[in-house]
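Worksheet: one structure, shown below.
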Amino acid sequence: MTSLDFFHSAGLGLATGLALIVAIGAQNAFVLRQGIRGEHIVPIVAVCALSDAVLIAAGVFGTGALITAAPAAVVVLRYVGAAFLVTYGVMAARRAMRPESLTAGAADDRGPGTKGSAVAAVATVLALTWLNPHVYLDIALIGSLANAQGNPLQWWFGAGAMVGSILWFCSLGFGARFLRGFFARPLSWQFLDGGIAVTMVALGVGLVLQA
C-alpha cells in the first residue's frame with residue numbers, strides 16, 4: 001500500500017461526498033438563501049459541516065462493524081449501494097431534463113431590511129439536516145463505499161467525504177452572494193445535476209465491476 005492509495009481513497013471520498021451533497025434540496029436552499037442575505041453564515045456552515053462529519057464517521061464505523069460481524073454483508077451492501085447510486089444518478093438526470101430555478105429569497109416572507117435570529121437559523125438548519133430521512137441513506141451509502149476500500153483506507157475515504165462537505169458548505173454559504181444571478185437560471189442547475197448523474201452512475205457501475 002502506497003501513499004497514492006491513500007490519496008486515491010481520499011479523492012474518491014471527496015468526489016462521492018460532493019456528489020451526494022451538491023443537489024437541490026431544502027438544506028442547500030436554506031444555506032444558499034442565508035448566504036445571499038448575509039445572515040449568520042458562520043454558525044450555519046459550521047453546523048452543516050460538523051453534522052456531516054459526525055454522520056460520515058458514524059457511517060464508516062457502523063458499516064465496518066457490520067462487515068466484521070457478518071462478512072457476507074459486504075456483498076449485499078455492494079449491490080444495494082450500486083443500485084442506490086444508479087437510482088440516484090437517474091433521479092439527477094431527470095432533474096437535469098426538467099431543471100428548476102432557485103431564487104433564494106422567493107420563499108422568504110421577511111422584508112429585505114429585517115434579520116432573523118442566529119438561534120432560529122441554527123435550529124432550522126439542524127432540523128433540515130437531522131430530520132431528513134435521505135441523509136441517513138446517503139451516510140449508509142458512504143459507509144459501504146468507504147469500507148469497500150479496506151482497512152485503513154476507509155478512513156481516508158471518510159476524511160475525503162468530510163473535506164468535500166466542508167468545501168461545499170463554505171462555498172455555498174460564503175460565495176452565495178456572488179452566485180445569485182447564476183443559480184437563478186434553470187440551465188445552471190441543469191449542468192450541475194447532469195454532472196451529478198454521471199458521477200453517481202459511474203460509481204455504481206464501478207461497485208458492480210469490483211465484485
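The values are calculated or read from the model by the stated rules, or taken from the named source; none is laboratory data. Bear in mind the structure is a predicted one, so any value in this text is a computation, not a measurement. Reconstructed Cβ throughout: ideal geometry from the backbone, glycine too, with neighbour counts over all protein chains shown.
Descriptive notes on the structure:
- The residues of segment 172-195 that are touching a helix residue (DSSP H, G or I) at 6+ places or on another chain (Cβ under 9 Å) and either among the aromatic types (Phe, Trp, Tyr) or farther than 17 Å from residue 92 by Cα (or both), listed by number, are 172, 173, 174, 175, 176, 177, 179, 180, 182, 183, 189, 191.
- Residues in segment 34-45 that are crowded, with 19+ Cβ neighbours inside 10 Å and within 12 Å of residue 175 (Cα to Cα): 34, 35, 36, 37, 41, 45.
- Condition met for residue 60 (β-branched (Val, Ile, Thr), more than 27 Å from residue 93 (Cβ to Cβ) and surrounded by fewer than 22 Cβ atoms within 10 Å (Cβ to Cβ)): no
Quick grid of which residues meet (1) on the phi > 0 side of the Ramachandran plot; (2) over 16 Å from the mean Cα position of the chain (by Cα); (3) at pLDDT 80 or above:
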position: 128; (1), (2), (3): no, no, yes
position: 152; (1), (2), (3): no, yes, no
position: 165; (1), (2), (3): no, no, yes
position: 171; (1), (2), (3): no, no, yes
position: 181; (1), (2), (3): no, yes, no
position: 184; (1), (2), (3): no, yes, no
position: 187; (1), (2), (3): no, yes, yes
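- Breaking point among (1) in contact with a helix residue (DSSP H, G or I) (Cβ under 7 Å, 6 or more places away or on another chain); (2) closer than 30 Å to residue 155 by Cβ; (3) at pLDDT below 65, for residue 68: (1)
- Remark: pairs (first residue in segment 15-41, touching a residue at least 60 places away in the same chain (Cβ under 8 Å) and among the basic types (Lys, Arg); second residue surrounded by fewer than 19 Cβ atoms within 10 Å (Cβ to Cβ) and part of a helix (DSSP H, G or I); Cβ separation under 9 Å; 6+ apart in sequence or on different chains) = 37/177.
- Considering (1) within 17 Å of residue 120 (Cα to Cα); (2) not in a helix (DSSP H, G or I), the lone condition that residue 30 does not fulfil carries the number (2).
- Residue match in segment 201-210 (condition: more than 22 Å from residue 94 (Cβ to Cβ), under 14 Å from the mean Cα position of the chain (by Cα) and surrounded by fewer than 21 Cβ atoms within 10 Å (Cβ to Cβ)): no
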